[in-house]
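Engineer: Below you will find the structure I want to go over with you.
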Amino acid sequence: MPGPIPTLQVALPVPLPRLFDYLAPDGPAPQVAVGCRLKVPFGNRELVGLVAGHGQLDDGQGLRQALAWADPAPLFQGELWQSLQWLARYTHAPLGEVLSTALPAPLRQGDPLPDTHHWGWQLTADGHAQRDRLRAGSRPRQLAELLADAVVDEDVLGARMEDWRGAARSLAKRGLVERIGLSVAPQHAQPLPGPRLNPEQAAAVAAINSADGFQPFLLDGVTGSGKTEVYLQAIVQCLARGGQALVLVPEIGLTPQTLARFRGRLGIAVHALHSGLNDNERARVWAAAARGEARVIVGTRSAVFTPLPAAGLIIIDEEHDGSYKQQDGIRYHARDFALVRGKALGVPVLLGSATPSLESLHNAHAGRYAHLRLKQRAGDARPPRVRILDVRKRPLRDGLSADVLEGIGQHLRAGQQVLVFKNRRGYAPVLLCHDCGWTAPCQRCDAPMTVHGGGRRLQCHHCGARQPAPLACPACGSLALQPQGIGTERLEEHLASAFADYPVVRIDRGTTARRDALEQQLATLGDRAGILVGTQILAKGHDLPKLTLVVVVGIDEGLFSADFRASEKLAQQLIQVAGRAGRARDPGEVWLQTHHPGHPLLETLVSGGYHPFAQAELNQRQAAGFPPFAHLALLRAEAQQLEHANAFLLAARSLLGEQRAVDVYGPMPAPMPRRAGYQRTQLLLSCAQRPPLHALLDTRVPQLYALPEARKVRWSLDVDPVDLY
């Protein structure tokens with residue numbers, strides 16, 4: 001009688017909470033199979049999964065054979081393998097989808113680990129002979145000058161010259177330069193000395209460097225207090241001990257500035273990992289980190305999945321930022337997962353912010369995080385002076401009062417720069433018929449379309465739908481169509497007209513979509529007197545020495561929101577954008593335009609700063625039973641027919657049953673009930689303690705997949721939701 005048949009248990013990137021059994025493929029197998037990629041047949045498709053275990057079946061009839069191994073050795077192993085399994089359990093997501101999310105696209109598709117040895121460029125003999133004949137000032141000539149004396153590593157070229165690859169291709173076609181492999185990565189340059197630390201910074205660096213194993217730190221420093229310098233000093237010590245450092249930043253736009261500063265100070269290659277890179281570049285950095293070659297990695301949210309075989313330090317800059325939360329697919333929070341990885345790796349984790357999240361402050365107050373405070377600005381910089389402008393009954397021109405326009409003019413004439421902050425891109429939020437009140441709706445969402453292009457086109461910021469603006473009102477035929485409200489495009493238009501002698505640069509998603517576009521936009525202004533008009537992109541971490549006036553326009557809509565996190569987000573935004581002013585020797589001013597000058601949030605921020613506000617907000621959260629004093633999970637469902645979405649959630653609620661420890665609310669409409677043509681409803685679960693909530697989800701979520709109603713909807717589970725949208 002034949003014995004049991006050995007099988008491979010494979011995690012596949014499909015929305016099913018199970019592993020799949022396959023027979024091993026023909027040919028030699030890796031010595032360790034768990035953590036290796038495997039190409040398998042799945043239905044009429046071919047998928048790439050990861051071996052998660054071994055099994056045995058008494059009857060292998062109908063069992064399919066895997067096609068081929070994709071790895072000679074495990075791609076995931078050790079800490080990262082265990083941490084990803086934890087993430088699948090915590091988010092209650094299929095393991096195969098979690099593992100797939102953690103891989104760069106080429107590795108997801110089964111490509112081999114890319115080559116990571118270093119490449120450099122040098123002039124050929126013809127290149128040396130013809131170098132002086134190249135047009136002076138041209139990019140090819142600049143590149144030739146850089147290569148005049150020696151071979152230069154590609155990473156070094158990237159740090160010294162923008163868009164060098166185009167010049168290299170041009171010269172290579174003419175036989176003037178050539179690409180060669182390098183056996184050793186050269187040092188970028190002699191590390192630059194850092195500024196002298198003040199006592200608060202020195203104490204913070206000493207605490208981080210003295211940490212033995214895992215220790216979470218909250219570096220709580222006012223804007224301009226030199227948090228980046230603390231990061232750099234801690235990284236220097238990490239590198240001296242032979243460790244790798246992972247630095248997470250919230251926005252792609254921050255990486256060029258951060259990379260340039262880090263490369264200059266550390267003198268080694270600093271690797272970027274973010275969605276602005278192409279797939280092959282990301283895979284190459286991932287592989288270099290896995291091999292221990294990448295010593296310092298700076299990246300956005302997904303960089304938290306980087307392998308760190310020699311981990312020494314993890315840093316999360318602007319830890320409060322909402323962009324660390326993934327809002328689709330596997331809904332993980334990069335900050336929280338970084339803490340899990342830091343604990344598993346046994347290394348310090350440094351959370352930095354001028355406006356810490358209430359969750360992090362609560363953990364610091366409870367003693368779970370070491371709390372490092374930087375209460376003074378670094379160097380000679382002084383805190384900006386804050387002024388609240390009451391614009392009630394005052395005429396506004398495109399959202400700007402006469403006082404604001406006069407103040408902008410004074411700072412420009414003094415040779416300074418001004419930031420006008422409005423967290424709404426586009427020309428205007430709404431196109432309105434002045435005669436009948438019609439507004440241009442999105443046909444697929446419960447939201448109006450935003451006016452762009454000076455009133456010529458409409459775009460939905462939720463589903464992306466676009467259309468030209470109508471010439472006449474579709475409801476009454478009137479020609480009295482008027483853009484209502486203010487966006488960054490309208491502010492830019494008005495300011496460019498009012499201050500025609502000065503450059504006006506707009507920074508929002510529309511002007512920074514291209515790679516390195518933010519740095520290029522800021523470079524067009526340089527050190528000249530001028531005006532920046534921008535959204536929250538400009539509120540994050542940028543150092544603008546000539547900026548002395550920040551004007552915040554249109555904060556009133558954030559003062560009265562149904563979202564329980566709205567006050568926290570608005571306070572963080574105001575403090576962050578105010579922190580851009582007066583970061584050098586010239587004093588800064590912050591002007592807040594509002595119709596509600598007596599609002600408690602504004603009064604608290606102006607008189608006491610962020611921490612008194614945060615303490616008051618924590619007290620309110622505790623009284624109301626909101627996070628961080630409760631733990632939430634949001635079950636979302638969407639379908640083209642509302643009854644299908646509600647039927648699924650009613651079935652889910654019945655499946656969850658009546659629980660003593662867990663409160664279940666809903667089904668209820670999402671704050672935006674219709675989006676991209678789908679009706680959206682949700683079920684909210686709340687519990688004072690985390691274990692009972694997860695115990696319930698552990699048993700019930702796998703059963704949701706089997707519900708007949710689940711076949712008619714798209715549904716997702718979001719543990720610890722940031723937005724209840």
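Engineer: Find the relative contact order for the stretch 320-464 and round it to a whole percent, using C-alpha pairs within less than 8 Å whose residues are 6+ positions apart.
Structural biologist: 9
Engineer: Ok, one more. Could you compute Rg(Cα) / (2.2 N^0.38 Å) for the stretch 63-209, with N its residue count? Please list the in-between numbers first.
Structural biologist: Working: Rg = 23.5 Å, N = 147, 2.2 N^0.38 = 14.7 Å.
Computed over Cα atoms of the stretch 63-209, the ratio equals 1.60.
Engineer: Go ahead and estimate [θ] at 222 nm for the chain from helices alone: -39,500 (n - 2.57) per DSSP H run with n ≥ 4, summed, over the residue count, rounded to 500.
Structural biologist: Estimated from H runs of four or more residues: -9500 deg cm²/dmol.
Engineer: Here is the link list: Lys39/Lys325; Lys325/Lys375; Lys375/Lys569; Lys343/Lys569; Lys422/Lys569; Lys227/Lys546. Which ones come out longer than 26 Å on Cα distance?
Structural biologist: Long pairs (Cα-Cα over 26 Å): Lys39/Lys325; Lys325/Lys375; Lys343/Lys569.
Engineer: Calculate the spin-label point distance for Ala623 paired with Gln689, positioning each point 7 Å from the Cα along the beta-carbon direction, and give it in nanometres.
Structural biologist: It works out to 2.7 nm between the two label points.
Engineer: Give me the Kirkwood hydrodynamic radius of the stretch 654-694, using the inverse of the mean 1/r over all pairs of distinct Cα atoms, in Å to one decimal.
Structural biologist: 11.7
Engineer: List the pair-distance distribution P(r) of the stretch 5-108, using every Cα-Cα distance, as the percent of pairs falling in each 5 Å bin from 0 up to the bin containing the longest distance, rounded to whole percents.
Structural biologist: Cα pair-distance distribution for the stretch 5-108, in percent: 2, 13, 25, 26, 20, 10, 3, 0.
Engineer: Kirkwood hydrodynamic radius for the stretch 590-678: how many Å is it when counted over pairs of different Cα atoms?
Structural biologist: One decimal place: 16.9 Å for the Kirkwood radius.
Engineer: Okay, moving on. Starting from the Cα of Arg45, move 7 Å in the Cα-to-Cβ direction to define the label point; list residues of the stretch 101-139 whose amide nitrogen is under 18 Å from there.
Structural biologist: 101-111
Engineer: Rule-of-thumb check for the stretch 467-592: C-alpha Rg over 2.2 N^0.38 Å?
Structural biologist: 1.26
Engineer: Towards the positive end of the charge dipole of the chain, with charges on Cβ (+1 Lys, Arg; -1 Asp, Glu), say which of Ala670, Ala447, Val177 has the farthest Cα.
Structural biologist: Going by the charge dipole, the pick is Val177.
Engineer: Give the relative contact order (percent, whole number) for the stretch 243-374; include only Cα pairs under 8 Å separated by 6+ residues.
Structural biologist: 27
Engineer: How large is the Kirkwood hydrodynamic radius of the stretch 427-493, in angstrom, based on all distinct alpha carbon pairs? Mind showing how you got there, number by number?
Structural biologist: Numbers: mean 1/r = 0.0849 Å⁻¹.
In the stretch 427-493 this quantity evaluates to 11.8 Å.
Engineer: Note the full-extension length gain between Ala203 and Gln82 as 0.36 nm times their separation in residues minus their Cα-Cα distance, in nm to one decimal.
Structural biologist: 40.1 nm
Engineer: Give, in nm to one decimal, the length gained when the segment between Ala651 and Arg241 is fully stretched (0.36 nm per residue of separation minus the Cα-Cα distance).
Structural biologist: Gain in length upon complete extension: 142.1 nm.
Engineer: At 0.36 nm per residue, minus the direct Cα-Cα distance, what do Arg64 and Ala150 gain on full extension? Give it in nm, one decimal, please. All intermediate terms of the calculation are to be shown ahead of the outcome.
Structural biologist: Working: separation 86, 0.36 × 86 = 30.96 nm, distance 5.62 nm.
The Arg64-Ala150 span can extend by a further 25.3 nm.
Engineer: In µm²/s, what is D for the stretch 199-374 at 4 °C and 1.567 mPa s, where D = kT/(6 pi eta Rh) by Stokes-Einstein and Rh is the Kirkwood radius from Cα pairs?
Structural biologist: So the translational diffusion coefficient is about 81 µm²/s.
Engineer: Out of every Cα pair in the chain, what percent are spaced more than 41 Å from each other?
Structural biologist: Details: 100969 of 262450 pairs.
Roughly 38 percent, once rounded to a whole number.
Engineer: Right, another one. Just tell me, in residue order, which DSSP H segments of the chain are both 24 angstrom or longer along the helix axis (alpha-carbon based) and at least 1.0 in mean Kyte-Doolittle hydropathy. Could the numbers behind the result be given before it?
Structural biologist: Details: long enough: none.
Span-like helices here: none at all.
Engineer: Here is a follow-up. Using every pair of alpha-carbon atoms in the stretch 631-719, split the distances into 5 Å bins beginning at 0 and state the percent of pairs per bin, rounded to integers.
Structural biologist: 3, 16, 28, 25, 16, 9, 3, 0
Engineer: Given H placed on each backbone N at 1.01 Å, which residues far from Val533 in sequence or on other chains put an amide H within less than 5 Å of it?
Structural biologist: Under 5 Å from the amide H of Val533 lie the amide H atoms of Val420, Val505, Arg506, Ile507, each far enough along the sequence or on another chain.
Engineer: Give the distance, in whole Å, between the Cα centre of the stretch 89-109 and the Cα centre of the stretch 516-560.
Structural biologist: 37
Rule-based calculations on the coordinates, nothing more; no lab input. Just so you know, these numbers come straight off a predicted model, no measurement behind them. Here the Cβ is made from the backbone with ideal geometry for all residues, glycine too, and neighbour counts use every protein chain on show.
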